[in-house]
Amino acid sequence: MFNHPTTALPLLATKLHVPPCRPQRVPRPRLVTQLNCAFSRPATLIVASAGYGKSTLICEWMARVDRPYGWLSLDEDDNDLTRFFTYLIAALRTCRPGLGETALTLLAAPQPPSAKAILTLLLNDLGALDSPIALVLDDYHVITTPAIHDAMTFFVEHLSHQAHLVLISRADPPLPLARWRARSYLNEVRTDDLRFTEEEAAAFLNQVMELELSAADVAALEQRTEGWITGLQLAALSIRGQRDPSDFVQSFSGSHRYILDYLTEEVLRRQPEPVQRFLLQTSLLDRLTASLCDAVTGQQESQHWLFALEQANLFLVLLDDERRWYRYHHLFADLLRNRLRKLHPEQIPELHRRAAGWFEQNGLIGEAIDHALAAHDHDQAVQWIEANVLRFTLSNETSSLSRWLRALPPGLSQTRPLLAFAQAGIALLGSQFAQTKQWVETAEHTLAASSPATTAPFDPKTFQGYLDALRSTAMINLHDPVEEIIAIAQRTLGNLPANEGLVRGVIALSLGDAYLRQQKPRLAADAFAEAVALTQQASNPTVHLAALGGQGEVYAQQGDLPRAAAIFQLAIERGERWGGASGQSHPATGKAHALYAQLLYEWDQLTAAEQQAEAAVECCKRWGHAKHLVDGYLALANSLAAQGKLEQAHHALAAARSVAVESRRSAEKQRTLMNAAQRLAAMVNHAQLELWLREGRLQDAARRLADQPPAAHPAISLARARLALAQHDPDGAAHWLAHHQKQSALQPTLAEQLKFLLLQSQVHWRQGDLASALAALRTALHLAEPGRFIRSFVDGGPAVAELLQTFVQQAGAAEYAQRLLAAFPRPQNDGAAAAMAFPRRTSLVEPLSDRELEVLALVAAGHSNREIGAQLFIEVGTVKRHITNIFGKLGATSRTQAIAVARQLGVLP
């Protein structure tokens with residue numbers, strides 16, 4: 001999804017406000033002492049039903065400890081994953097400004113990474129703090145989203161000693177509490193701990209509430225309320241004004257629910273009629289401020305009543321230090337609303353409409369829509385939703401938008417283009433790409449049948465641009481035909497205004513990727529360059545770094561490795577600058593790290609390549625990007641294998657395979673996502689084949705290739721050709737090279753061309769056609785020299801080294817070829833097959849048989865395996881076995897080398 005920095009939903013400062021400690025309260029040192037022991041564990045859980053003083057206790061505790069802390073009061077809207085994380089980080093930043101900067105940046109990315117990736121960033125920042133902090137999440141019971149619970153499980157289980165989490169809830173949250181208890185992760189305070197003791201009840205009733213009750217009356221109230229603080233408070237309010245408090249206490253009985261009902265009646269009945277009316281009319285508000293209450297009640301005395309209610313301790317909770325915003329105690333608000341519905345149901349719609357108007361006039365459009373829907377004023381709600389649809393759709397925070405659309409009459413989104421656009425955005429953020437396209441088509445259909453006014457404030461052309469932006473993004477994820485994606489993306493860029501920098505940048509990035517898939521490097525480079533420029537202006541690091549990575553990838557595929565390296569270095573430098581307080585690179589730098597590791601490997605800078613690959617893995621783990629994480633692991637495996645660290649290389653491959661398997665498991669049951677997972681598996685499979693062939697594990701490679709269909713990816717054909725060469729079957733290798741050429745519909749990258757030419761050179765050489773072998777090698781050298789390619793040659797093994805030696809001997813001054821020869825490993829003392837020079841033998845350990853001499857003579861004459869079999873009346877497979885035996889006895893790895901050794905020994909004339 002896209003995100004304009006200017007369209008991000010504003011944060012409510014009151015949600016981050018720490019509830020003030022009441023100056024007149026009962027100290028609870030026994031509980032504070034218990035809580036002080038909690039800092040040795042990652043988390044504290046406070047669980048009790050409403051009215052037990054949970055939040056008040058934590059306020060008192062935090063005020064006593066020498067540790068800064070952030071506070072977040074949760075509500076039902078926080079069930080949106082992006083909103084939850086945004087507020088959580090904002091709460092932490094109230095005590096540590098700048099904390100979680102990279103995580104916040106990623107939350108604003110077009111498609112944010114996984115919750116685990118976001119939390120990994122945040123956890124790293126917390127671990128880097130020089131002094132400890134705490135975070136309090138109040139009212140956690142309102143959170144019902146499983147993904148948030150999963151994320152908080154990960155958060156707690158990886159939290160450093162520099163941070164402590166406090167969860168306040170009315171019920172046990174669906175978290176692994178049993179596991180946390182077993183691991184000593186959790187400190188708990190529950191209902192029995194929170195109940196007022198008789199001494200605390202006496203202090204509250206006689207000192208805070210100033211009732212002067214006898215010890216017997218205090219004991220009776222404490223016993224009958226069971227230490228329930230709200231019950232004691234309600235009882236105290238009811239006792240005020242009683243002629244005989246003891247009689248009231250003696251008649252006081254019943255469960256919490258009945259006590260609450262009764263005492264609320266008592267409390268309300270004793271208030272003046274204007275106060276009762278004010279309480280009932282404002283009970284529909286989640287937050288109260290004087291001007292809002294004036295608008296709802298139609299009076300001008302709200303500031304006076306709010307002050308009076310606060311002074312009377314009448315269940316009013318202060319939300320800020322300026323005494324501007326308040327809320328009612330949750331239980332008290334529920335009871336007031338129930339009474340309003342019972343006594344004055346006809347007033348409720350009008351009260352909601354008044355509240356909606358105030359919120360809209362004060363720029364709080366979300367609350368305005370909530371109250372309009374509560375008033376069943378659907379026309380007004382739709383008007384406000386449509387006027388702000390871009391802001392809500394592009395904000396990565398669509399939980400509220402989805403809830404509003406569900407509250408509208410069924411089928412309305414099918415008839416209004418802006419609502420259909422909103423549905424498309426919600427579907428895209430939920431990775432429901434097919435549904436995204438369907439809603440875009442619905443919006444277009446209704447747009448065609450509507451007047452231009454239906455898309456106000458957007459003109460139809462701009463609105464079509466937004467629809468195409470959603471559609472093209474979905475199509476990229478669906479892996480729809482590239483031609484269609486390009487056509488739509490180009491149309492989108494034509495329809496969007498020039499000032500829509502970020503959206504245009506995202507489209508340009510997608511266009512670059514599409515051109516890259518088409519092997520159209522010039523067009524891809526232009527698109528990536530535009531994406532780089534647009535996203536730098538829009539200050540979106542994720543898209544900007546991805547575009548820089550794409551730009552460098554184009555030059556790397558064309559063979560301009562120096563230019564690609566400069567771009568990757570620029571991306572890495574900017575990623576380090578945008579990394580946040582932890583000192584780590586921005587997670588989206590992982591793409592550049594992975595591509596730069598591949599480039600450094602090609603330049604034979606193996607230690608540097610290993611370091612870049614490790615950086616890629618670290619970044620992409622935080623980013624949550626499976627494709628680039630696999631790229632990082634494969635680059636790491638290559639660099640390790642080239643250094644002889646084979647065991648570590650296999651571990652890196654195993655890690656890449658685990659990512660691919662997990663991607664497949666988590667893929668939705670639809671064609672597109674499964675295809676993406678299959679491509680990751682194919683990448684790992686091919687890398688495993690390459691490593692086995694490099695190690696000489698031919699049987700393992702042969703078994704894996706036997707499972708591949710003939711029409712597999714063209715890279716598999718090259719692997720089959722390489723295996724055939726290793727099995728001394730140049731004709732078979734030639735067959736697979738020809739098959740590869742037929743398969744390759746697109747222009748290959750320069751690295752792919754080099755791999756093909758070097759295999760082709762070896763095939764010609766082993767078939768005895770040295771001229772053709774050197775011609776193919778000469779072409780490869782011509783293509784590779786400007787980019788300073790090295791490993792493409794070295795990975796070809798001893799056969800390529802021998803060809804290069806022959807080329808240098810014949811060509812004379814061939815500086816680049818000589819530099820390549822210097823990069824090959826030196827021959828081992830044990831005379832292993834990796835030796836690069838022609839072996840100098842003076843005798844054979846085991847003589848050639850008569851049949852082997854016949855086969856060798858025909859090989860020297862330039863005949864193919866099939867021709868040799870026809871002349872000797874034997875099967876081609878038998879010819880291959882004879883040639884394998886000949887190579888073994890002569891210590892040769894190719895036909896040319898076998899002929900040379902045989903002539904040296906006098907076996908051939």
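The residues in the stretch 127-147 that are closer than 25 Å to Pro113 by Cβ and crowded, with 21+ Cβ neighbours inside 10 Å can be counted, and the count is 4.
Per-residue answers, yes or no, for (1) open to solvent by 50 Å² or more (accessible area, probe 1.4 Å); (2) under 25 Å from Ser864 (Cα atoms):
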site: Trp692; (1), (2): no, no
site: Ala721; (1), (2): no, yes
site: Gln727; (1), (2): yes, yes
site: Thr749; (1), (2): no, no
site: Leu777; (1), (2): no, yes
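If you go through the stretch 329-358 and keep only what is open to solvent by less than 40 Å² (accessible area, probe 1.4 Å) and either of a type in the set (Lys, Arg) or in contact with a His (Cβ under 6 Å, 6 or more places away or on another chain) (or both), you end up with His352, Ala355, Ala356. For the stretch 878-909, the tally of residues that are part of a helix (DSSP H, G or I), open to solvent by 10 Å² or more (accessible area, probe 1.4 Å) and in contact with a Phe, Trp or Tyr (Cβ under 7 Å, 6 or more places away or on another chain) stands at 2. Among the conditions (1) touching a Leu at 6+ places or on another chain (Cβ under 8 Å); (2) farther than 30 Å from Cys619 by Cα; (3) open to solvent by 20 Å² or more (accessible area, probe 1.4 Å), Arg93 misses just one, which is (2).
Condition check for Phe85 on (1) of a type outside the set (S, T, N, Q); (2) within 26 Å of His161 (Cβ to Cβ); (3) open to solvent by 10 Å² or more (accessible area, probe 1.4 Å): one failure, at (3). Within the stretch 151-160, is there a residue that is open to solvent by 20 Å² or more (accessible area, probe 1.4 Å) and over 22 Å from the mean Cα position of the chain (by Cα)? Taking every residue of the stretch 151-160 in turn, none turns out to be open to solvent by 20 Å² or more (accessible area, probe 1.4 Å) and over 22 Å from the mean Cα position of the chain (by Cα).
So that you can scan it fast, the table gives a plain yes or no per residue for (1) buried (at least 24 other Cβ atoms within 10 Å of the Cβ); (2) touching a residue at least 12 places away in the same chain (Cβ under 8 Å); (3) touching a His at 6+ places or on another chain (Cβ under 9 Å); (4) in a helix (DSSP H, G or I):
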residue: Ile486; (1), (2), (3), (4): no, yes, no, yes
residue: Leu493; (1), (2), (3), (4): no, yes, no, yes
residue: Val506; (1), (2), (3), (4): yes, yes, no, yes
residue: Ala527; (1), (2), (3), (4): yes, yes, no, yes
residue: Ala531; (1), (2), (3), (4): yes, yes, yes, yes
residue: Leu545; (1), (2), (3), (4): yes, yes, yes, yes
residue: Val554; (1), (2), (3), (4): yes, yes, no, yes
residue: Glu576; (1), (2), (3), (4): no, yes, yes, yes
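Is it true that some residue in the stretch 600-610 is modelled with pLDDT under 90, charged (D, E, K, R) and either assigned by the TED database to the domain that holds Ser114 or touching a Ser or Thr at 6+ places or on another chain (Cβ under 8 Å) (or both)? Within the stretch 600-610 (the criterion being modelled with pLDDT under 90, charged (D, E, K, R) and either assigned by the TED database to the domain that holds Ser114 or touching a Ser or Thr at 6+ places or on another chain (Cβ under 8 Å) (or both)), the answer is no, since none of the residues qualifies.
Among the helices (runs of 4 or more DSSP H) contained in the stretch 38-129, which hold 3 or more residues that are hydroxyl-bearing (Ser, Thr, Tyr), without any contact (Cβ under 8 Å) to a residue 12 or more places away in the chain and farther than 30 Å from Ala474 by Cα? No helices (runs of 4 or more DSSP H) qualify here. Does Arg391 qualify as being in contact with a helix residue (DSSP H, G or I) (Cβ under 6 Å, 6 or more places away or on another chain) and open to solvent by 40 Å² or more (accessible area, probe 1.4 Å)? Considered against the rule, which asks whether it is in contact with a helix residue (DSSP H, G or I) (Cβ under 6 Å, 6 or more places away or on another chain) and open to solvent by 40 Å² or more (accessible area, probe 1.4 Å), Arg391 comes out as yes. Residue pairs whose Cβ atoms lie under 9 Å apart, separated by 6 or more positions or on different chains, with the first residue in the stretch 881-909 and within 14 Å of Leu848 (Cβ to Cβ) and the second part of a helix (DSSP H, G or I) and of a type in the set (S, T, N, Q), are Ile883/Asn865; Phe887/Gln897; Leu890/Gln897; Gly891/Gln897. Number of residues in the stretch 159-177 that are assigned to a loop (DSSP other than H, G, I, E, B), touching a residue at least 40 places away in the same chain (Cβ under 8 Å) and either aliphatic (A, V, I, L, M) or not assigned by the TED database to the domain that holds Pro132 (or both): the value is 2. Name every residue in the stretch 185-226 that is open to solvent by 60 Å² or more (accessible area, probe 1.4 Å), in contact (Cβ under 8 Å) with a residue 24 or more places away in the chain and part of a loop (DSSP other than H, G, I, E, B), in order of residue number. Matches in the stretch 185-226: Arg190, Arg195, Glu226. Looking across the stretch 52-81 at every residue that is out of contact with any Phe, Trp or Tyr (no Cβ under 9 Å at 6 or more places or on another chain) and more than 18 Å from His141 (Cα to Cα), the one that is most open to solvent (accessible area, probe 1.4 Å) is identified as Asp66. Considering (1) in a helix (DSSP H, G or I); (2) under 16 Å from Gln271 (Cα atoms), the lone condition that Leu314 does not fulfil carries the number (1).
Restricting Gln569, Gln536 to those that are of a type in the set (S, T, N, Q), open to solvent by 30 Å² or more (accessible area, probe 1.4 Å), assigned to a helix (DSSP H, G or I) and touching a residue at least 12 places away in the same chain (Cβ under 8 Å) reduces the list to Gln569. Taking each residue of the stretch 432-445 that is outside any helix (DSSP H, G or I) and looking for partners that are of a type in the set (A, V, I, L, M) with beta-carbon atoms closer than 9 Å, six or more apart or interchain, yields Gln432/Ile426; Gln432/Ala474. Would you confirm, using the coordinates I've provided, whether Gln361 is closer than 15 Å to Ser413 by Cα, surrounded by fewer than 21 Cβ atoms within 10 Å (Cβ to Cβ) and not aliphatic (A, V, I, L, M)? The answer is no for Gln361. Just one of the listed residues (Ala719, Ala733, Ala751) is of a type outside the set (Lys, Arg), outside any loop (DSSP other than H, G, I, E, B) and over 15 Å from His686 (Cβ atoms), namely Ala733. Look at (1) in a helix (DSSP H, G or I); (2) over 24 Å from Ser114 (Cβ atoms) and you find that Ser450 fails only one, number (1).
Table: residues versus (1) assigned to a helix (DSSP H, G or I); (2) without any contact (Cβ under 8 Å) to a residue 60 or more places away in the chain; (3) open to solvent by 20 Å² or more (accessible area, probe 1.4 Å); (4) β-branched (Val, Ile, Thr).
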| residue | (1), (2), (3), (4) |
| --- | --- |
| Ala588 | yes, no, no, no |
| Tyr596 | yes, yes, yes, no |
| Gly632 | yes, yes, no, no |
| Leu640 | yes, yes, no, no |
| Ala649 | yes, yes, no, no |
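Candidates in the stretch 1-45 are the residues that are open to solvent by less than 70 Å² (accessible area, probe 1.4 Å), out of contact with any strand residue (DSSP E or B) (no Cβ under 8 Å at 6 or more places or on another chain) and among the β-branched types (Val, Ile, Thr); of these, the one that is modelled with the lowest pLDDT is Thr7.
Restricting Glu386, Glu367, Glu350 to those that are more than 15 Å from Arg406 (Cα to Cα) and modelled with pLDDT under 95 reduces the list to Glu367. The residue pairs whose first member lies in the stretch 721-737 and is more than 10 Å from Leu759 (Cα to Cα), whose second member is aromatic (Phe, Trp, Tyr) and open to solvent by less than 20 Å² (accessible area, probe 1.4 Å), and whose beta carbons are closer than 7 Å, counting only pairs six or more residues apart or on different chains, are His728/Phe887.
The values are calculated or read from the model by the stated rules, or taken from the named source; none is laboratory data. This one's a predicted model, so the numbers in the text were calculated from it and none came from an experiment. Because the Cβ atoms are built from the backbone with ideal geometry, glycine has one as well, and the counts that use them run over all protein chains shown. For accessibility, only protein heavy atoms count, side chains too; no ligands or nucleic acids. Shrake-Rupley method; radii C 1.70, N 1.55, O 1.52, S 1.80 Å.
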